[in-house]
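For reference, the structure discussed in these notes is given below.
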Amino acid sequence: MVVSNFDKFVAAWFDRSGNVKGVPEELCNRLCEGLTSTGGLEDLDREIERFRKFGKAGQTEIALRLHDNPMESLKIIGERVVPALR
């Protein structure tokens, strides 16, 4: 379903709607939850715990793609995420 609707995923990314036409919202939510670290400040503790689980499983690196306000995001990561994972 993702491959056959790839153009709709791209369109939703470009229009920033999050609405992937023709794809069930539940599937989109499951993809975001499983394949990304996405959320607001209220989700930060959940994501830190998720990163800890990755570390326990052997993951030693993570790549970040920061959207919209990257400098603000880097500040939050430096102040809250990095210290929590040390």
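Some points to look at:
- Positions within segment 1-20 being among the small types (G, A, S) and over 21 Å from D68 (Cα atoms), in sequence order: S4
- Looking only at residues in segment 7-33 that are acidic (D, E) and modelled with pLDDT of 90 or more, the one that is farthest from the chain's Cα centre (by Cα) is D7.
- Any pair with Cβ under 8 angstrom, 6 or more apart, that starts in segment 10-36 at a residue that is under 21 Å from E47 (Cβ atoms) and ends at one that is of a type outside the set (V, I, T) and assigned to a helix (DSSP H, G or I): G18/A12; G18/C28
The values are calculated or read from the model by the stated rules, or taken from the named source; none is laboratory data. Since the model is a prediction, treat every value here as computed from it, not as a measurement. Positions of Cβ are backbone-derived with ideal geometry, glycine not excepted, and every protein chain shown enters the neighbour counts.
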